[in-house]
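Reviewing the structure listed below.
The values are calculated or read from the model by the stated rules, or taken from the named source; none is laboratory data. These numbers come from a predicted model, not from an experiment. Cβ coordinates were reconstructed from backbone atoms using ideal geometry, including for glycine residues, and neighbour counts include every protein chain displayed. Remember, those area values only see protein heavy atoms, side chains included, never the ligands or the DNA or RNA. Shrake-Rupley method; radii C 1.70, N 1.55, O 1.52, S 1.80 Å.
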Amino acid sequence: MASLLQDVRFALRQLRKNPGFTITATAMLAIAICANSTIFSWINGTMLHPIPLARETGSMVSVMRGQWSTTPSPPLSYLDYRDLRDRNQTFTGLLAYSHDWLTLTGSGTPERVYVANVSANFFDLLGVKPVLGRFFLPDEEARAGGVPYVVLAYSLWQTRFAGDPAIIGKSIEFARKPVTVIGVAPEGFINAIPGVREDAWLPLDPLGTDTPRMTRRSANYLNVLGRLKPGVNRQQATQDLETIMRQLVAEFPDDHLGVNTITLDPLWRSPFGANVYLAASLPILLSIAGVVLLLTCANVATLALVRFLARRREIAIRQSLGATRIQLMRQMAVEGALVALAAGALALFFTSWTAKRLADFIPPNSNPIVLNGSVDFNVIFVILLLALFAGAICGALPAWRSSQASAGEVLKDETITASGSGHNRNMLSGLVVTQIALSLALLISSGLLMRTLRNMNNADPGFDQDHILTASVGLGIAGYPPSEENAIQHRILDRVATLPGVKVAALTDWLPLSFNGRSNDVYPEGYVPRLHESHEVRRADVSPGFFAAMGIPIVAGRDFTRDDNENAPSVVIVDRTAAARYWPGADAVGRRLSIGGKLFTVIGVAGNSKHQFVNERPESMVYLSFFQNSFETTVMLRTKGDPAAMVPVLEDAIHQIDGQLAVFDVRSLRETTQVSSTFAIMESTFAGIFATIALVLSATGIYGVVAYRTQLRTHEIGIRMALGASRVDVLRLVLMQGVRLTIIGLTLGLALSFGMTRFIAGLLYGISANDPATVIAVALLLAAISLLACFLPARRAMRADPVASIREL
């Protein structure tokens, strides 16, 4: 221990004597470690801990029935869920939930909150305990007449009810219906679906008014999570649930048309919630950040090796005075470890801020998304591991070279024989080649991701995003019965359509590229599905004027009219993809579809548009008449000028109809659709940052090595010039050192990039993983920067005085 403390003190003195190296190496490593720890903190806060405060989420899975999708509909009815829960042999329990917006009414200003209807075992299976009161009891799940109880989220209890400790037993109102508060969830618990916040939890049918959904097997509206029994794997559990599903399909075939296979996903990549998207992006970003760390370590190792070569005489003298090679190696390693630990401490400081920046990538939208990282023990441990890893790499080369040093050789002729030896030159050259190769692979990957974002921004979504203002209006969520909703919806549409500056007005329950889509199983008459073909298609309810406002053409048939109301025959408009899928080469108009057990007649075919992402594969879409099937009410206006100028006018017009109506999420369609590019923006942002770091590191690395090797050859260059070499010859001599290293590095980098770009191929859009234009452009850019880095020391050598150079030994 005493010798180790002595090494630490000596290392600190050496680092203080070389502040330039210490500050530069610490700063570079801190940035690289922070890049890795930031992304890991996001993975830790979302994928590794998908349900805050829940116990042992690693044994929990999400249950998916039907065709697997990144945007699935709730897969199970209550009756199917109950049978799977009670008849399985591989789970300790299955919980169920659904969620939607409601308005908290009663005293005070109406407040829109996101509420989940949950099975009675919801909190118990998650292992969450109340901070006040209790949670639901088993007999309160589906009691006849309902159970009007509610559990409040901690944040809602604090903000709406001022943390009232006597809230238990009090009656509050949701959508003008009274419920009794029985408990408050603990602080930090937000929901069972990763990345989505809930404000309150109700039983599955709290008021006993939703009997059809509770008693029909075809009413699929529940998401389901399960906790596996100890020793049971997902494959065994899948077979167990599929056996039960096959029995249910045989017993109730009319309620289980289409695909009924079961898929179980761990929560870190569950298709329900944000993790399905984060699992595709964050691990790749972490891998790229790892490449940046390796590149930085190579750069710092180069600086450390150059510094070691400059200290060779000092080290040789210490050897002559009795220092062992093990002592010298340990001292060099301690210096590298101290720099890395200082970088780790600095990275921890920065990560405490950057970990909370994940939410900054999410633009304003109507979804209650809660995504952020945090600095906990896991993150601190990873930072420590990264610091130790960086210290080992950065200290390994100087430590190893110190063990190979010959004191006699160094003291006899340090400059020519030791520092300029072929072995040292090859080692420095190898580090530079490594930096260039890693930089090229990183720059190509970054260029592809940035071009992907550009392609997505320039892609045609199939509709016009400009000059459209949207606003959601709380009718059903505020407790208006359906009989009143229809009349108020007509009044709202009539009123806003006459506002000055409005070209077209429409009502809808869906906005494209906003993560709020719905879907239904659709069964065309006479259509024979392929084996295991899913019948699920996207669905939207729209009023007359929707297609005109969106700029989506009606290519066959007609648009909806005001006469397509609840008293008229049920009608539907399909898009081109659906028409080509179900009636290839034939006219779709006049055909009939069964949706939710009800027959609809196709009256028109609309152009295709994007639904969730601009890079998605074409998916079938059906549009139902808003006045026959209204779900939620969103007002859509195509304006003559800036939509933002119409915001107060629109809100005032709606409040003139009913001053109690809640109007929310008032924004332009362009703002709304930005959420679909969240992950592409995040990927390209980090790609740009990493690309900049790579360019700087590779340029400084090759500059430092060429400058150092040129300095070692100062005497030789002076002799060459004295013997008649021109300045151009000297320039060529020095440049060729860097050019050779650059060519070797670019060659290796191209080979490395071919493998690395395949790793990110799934994130690309409108560009191939080996796009020639990107590869050539990036290679030329890196070559030019490397050439410039070589030119600077070459220019200095070219201008040197030959006499002074000859005298320098």
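See the values below:
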quantity	calculated
Ala586 being small (Gly, Ala, Ser) and either within 27 Å of Leu493 (Cβ to Cβ) or touching a Pro at 6+ places or on another chain (Cβ under 6 Å) (or both)	no
Residue within the stretch 475-493 that is more than 30 Å from Lys598 (Cβ to Cβ) and open to solvent by 20 Å² or more (accessible area, probe 1.4 Å) present	no
Some residue of the stretch 629-647 being under 13 Å from Arg539 (Cα atoms) and more than 31 Å from the chain's Cα centre (by Cα)	yes
Residues of the stretch 137-156 classified as open to solvent by 10 Å² or more (accessible area, probe 1.4 Å) and either in contact with a helix residue (DSSP H, G or I) (Cβ under 7 Å, 6 or more places away or on another chain) or among the basic types (Lys, Arg) (or both), total	3
Matching residues, the stretch 48-74, being more than 16 Å from Leu228 (Cα to Cα), over 20 Å from the mean Cα position of the chain (by Cα) and modelled with pLDDT of 90 or more	Leu53, Arg65
Options Arg318, Arg312, Arg330, Arg325: the member that is over 19 Å from the mean Cα position of the chain (by Cα), of a type outside the set (Ser, Thr, Tyr), buried (at least 21 other Cβ atoms within 10 Å of the Cβ) and modelled with pLDDT under 70	Arg312
For Phe627: the one exception among (1) within 25 Å of Asn565 (Cβ to Cβ); (2) open to solvent by less than 30 Å² (accessible area, probe 1.4 Å); (3) not in a helix (DSSP H, G or I)	(3)
Filtered residues of the stretch 118-135 (kept if buried (at least 16 other Cβ atoms within 10 Å of the Cβ), touching a residue at least 40 places away in the same chain (Cβ under 8 Å) and in contact with a strand residue (DSSP E or B) (Cβ under 6 Å, 6 or more places away or on another chain))	Val118, Ser119, Phe122, Leu125, Pro130, Leu132, Gly133, Phe135
One residue from Gly659, Gly688 being without any contact (Cβ under 8 Å) to a residue 60 or more places away in the chain and surrounded by fewer than 19 Cβ atoms within 10 Å (Cβ to Cβ)	Gly659
Filtered residue count, the stretch 191-204, keeping only those that are open to solvent by 20 Å² or more (accessible area, probe 1.4 Å) and either modelled with pLDDT under 90 or in a strand (DSSP E or B) (or both)	1
Residues satisfying the stated conditions in the stretch 105-115, i.e. crowded, with 22+ Cβ neighbours inside 10 Å and either at pLDDT 95 or above or hydrophobic (A, V, I, L, M, F, W, C) (or both)	Val115
Where a residue in the stretch 554-569 is aliphatic (A, V, I, L, M) and its partner, wherever it lies, is open to solvent by 40 Å² or more (accessible area, probe 1.4 Å), with Cβ under 6 Å and at least six apart	Ala556/Val589
Number of the exception - Gln465 against (1) at pLDDT 85 or above; (2) in a helix (DSSP H, G or I)	(2)
Test set (1) in contact with a helix residue (DSSP H, G or I) (Cβ under 6 Å, 6 or more places away or on another chain); (2) closer than 29 Å to Gly391 by Cβ - Gly45 fails condition number	(1)
Hits in the stretch 333-374 - residues which are of a type in the set (Ser, Thr, Tyr) and either within 19 Å of His49 (Cβ to Cβ) or open to solvent by 60 Å² or more (accessible area, probe 1.4 Å) (or both)	Thr351, Ser352, Thr354, Ser374
Within the stretch 721-809, helices (runs of 4 or more DSSP H) holding 1 or more residues that are surrounded by 21 or more Cβ atoms within 10 Å (Cβ to Cβ) and modelled with pLDDT under 90	727-759, 772-798
Test set (1) modelled with pLDDT under 95; (2) over 34 Å from the mean Cα position of the chain (by Cα) - Ile168 fails condition number	(1)
Test set (1) of a type outside the set (D, E, K, R); (2) in contact (Cβ under 8 Å) with a residue 40 or more places away in the chain; (3) open to solvent by 50 Å² or more (accessible area, probe 1.4 Å); (4) over 30 Å from Glu242 (Cβ atoms) - Thr159 fails condition number	(2)
Members of the stretch 528-544 that are more than 35 Å from the chain's Cα centre (by Cα) and open to solvent by less than 30 Å² (accessible area, probe 1.4 Å)	Pro544
Residues of the stretch 87-96 satisfying the condition of being touching a strand residue (DSSP E or B) at 6+ places or on another chain (Cβ under 9 Å), of a type outside the set (S, T, N, Q) and over 8 Å from Val224 (Cβ atoms)	Phe91, Gly93
Failed item in (1) touching a Lys or Arg at 6+ places or on another chain (Cβ under 6 Å); (2) farther than 27 Å from Thr92 by Cβ, with Gly183 passing the rest	(2)
Residue in the stretch 635-649 that is more than 27 Å from Lys503 (Cβ to Cβ) and either small (Gly, Ala, Ser) or touching a residue at least 60 places away in the same chain (Cβ under 8 Å) (or both) present	no
When residues of the stretch 63-92 are limited to those that are touching a Lys or Arg at 6+ places or on another chain (Cβ under 9 Å) and part of a strand (DSSP E or B), the one most open to solvent (accessible area, probe 1.4 Å)	Thr92
Hits in the stretch 162-177 (condition: aliphatic (A, V, I, L, M) and surrounded by fewer than 17 Cβ atoms within 10 Å (Cβ to Cβ))	Ala162, Ala166, Ile168
